[in-house]
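Encoded as structure tokens, the structure appears first; notes follow it.
The values are calculated or read from the model by the stated rules, or taken from the named source; none is laboratory data. Bear in mind the structure is a predicted one, so any value in this text is a computation, not a measurement. Here the Cβ positions follow ideal geometry from the backbone for every residue, glycine too, while neighbour counts run over all protein chains shown.
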Amino acid sequence: MNEVKDTVVGRGAVHGPARPSRVVVGMSGGVDSSATAALLLEQGHEVIGVTLKLWPQDCSARAEDKCCGPQAVMDARSVCSRLGIPFYLVDEAGEFQQRVIGYFADEYRAGRTPNPCVMCNQHLKFGSLLRRADQLGAEYIATGHFARIERHDDGSVSLLRGRDPRKDQSYFLFSLRQEQLRRALFPLGDKTKADTRAVARESGLRTADKEESMEICFVPDNDYGGFLEGSGLVARHEGDIVDASGRVLGRHQGVEFFTVGQRRGLGIAAGRPLYVVRLDAARNQVVVGEEPELLRDRWRVASTSWIDGIGPREEVGCTAQVRHGHPGVAALVRPLPGGVTEVVASEPVRAVTPGQACVFYDGDRVLGGGWITQA
């Protein structure tokens, strides 16, 4: 497959169109989306800024400076004003409540650990935002993700890791389809965070030195249990903390408040370090054990999505990444019926967590991924 050469425009290489196009930029009010808009404008594109209002009203008061808060909207509006581009605020709170927050709560209730960023990308940033782009006559959408897209002569596209391994966000984009990626631009894919701040600073944008948030955007202080309980999405319900043999070691207030690999907050004294190794929502049990019990070299992935839209027909070698920040492990993946994939790792992996995404790579290229169901 022959690849289209990168087009060098403005400050760097762009894996996108050589001709000027109308582009909708998803503006979160942070430095990354701000720099994205500035770069595209410099490259000659017609840029429109769109902020998706995602927060329920009670969230806005508790997460004011996050991407679901009013301060972020003011920052995005200010950036667009400075750049001289149109700005639109679009209410997608209902969609966000259903697709992201509802999913978030359902997964915890089922004893799984969700990844809301993947769902937000799939349904909001590359779902709702694309529909808004159609309404505005825009050919492309752009976001501040640190990832790259390669465009091929046959019209297909590949998703690659960002050049900066410390900022790479391709893991969160594994579920995007060809039709979404074909219309996506990631101007920051070849840049570092320092490069991005420099772009914003040179453009005189107020977000240039804005502090970066590493937390879930709608969860204040990263207290997901407090968010779930305070929002009425879960209620405390006592159950047993048990070891692998079923021996009761203590009590808990609900499986929703735990995740695999957790050590702190168990409230039991065992004389040795214990970790959550499994959550059994049907029995309302938190199963604990010693650290070696967290190691897995085989697990299954459901709802597997392949970037090329087809996927392998037989066993293939790859690097499997079981959470963002995980360095990955060499593995064989075997496609099974019903969108299920079996993963056999070359060495044991710690805390393979049901509900988290497992993403498959061939070097820098994303092959696809899915949701860990059992280990």
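For segment 123-165, how many residues meet the condition of being out of contact with any strand residue (DSSP E or B) (no Cβ under 9 Å at 6 or more places or on another chain) and over 27 Å from Arg19 (Cβ atoms)?
Going through segment 123-165 one residue at a time, the tally reaches 3.
Which numbered condition in (1) assigned by TED's automatic domain parsing to the domain that holds Trp55; (2) modelled with pLDDT of 90 or more is the only one that Met214 fails?
Going through the list (1) assigned by TED's automatic domain parsing to the domain that holds Trp55; (2) modelled with pLDDT of 90 or more, Met214 breaks only (2).
When you check Arg197 against the structure, is it in contact (Cβ under 8 Å) with a residue 40 or more places away in the chain and of a type outside the set (Val, Ile, Thr), yes or no?
Answer is yes for this residue.
What residue, of Val219, Val260, Val234, Val242, is buried (at least 17 other Cβ atoms within 10 Å of the Cβ), touching a Leu at 6+ places or on another chain (Cβ under 6 Å) and not basic (Lys, Arg)?
None of the others qualify; the one that does is Val234.
Against the conditions (1) touching a helix residue (DSSP H, G or I) at 6+ places or on another chain (Cβ under 6 Å); (2) in contact (Cβ under 8 Å) with a residue 40 or more places away in the chain; (3) within 20 Å of Glu215 (Cβ to Cβ), where does Phe126 fall short? Just the number, please.
(3)
Hey, could you check segment 270-281 for residues that are out of contact with any Leu (no Cβ under 9 Å at 6 or more places or on another chain), without any contact (Cβ under 8 Å) to a residue 60 or more places away in the chain and of a type outside the set (D, E, K, R) and say which is surrounded by the most Cβ atoms within 10 Å (Cβ to Cβ)?
Across segment 270-281, the extreme among qualifying residues is Pro273.
It is to be established whether one or more residues within segment 244-257 are outside the structural domain of Thr113 (by TED's automatic domain parsing), within 30 Å of Ala72 (Cα to Cα), touching a Gly at 6+ places or on another chain (Cβ under 6 Å) and not acidic (Asp, Glu).
Yes: one or more hits.
For segment 162-178, give me each residue that is surrounded by 20 or more Cβ atoms within 10 Å (Cβ to Cβ) and closer than 13 Å to Gly363 by Cβ.
Asp168, Ser170
Looking at this structure, is Pro187 in contact with a Leu (Cβ under 6 Å, 6 or more places away or on another chain) and closer than 30 Å to Leu41 by Cα?
yes
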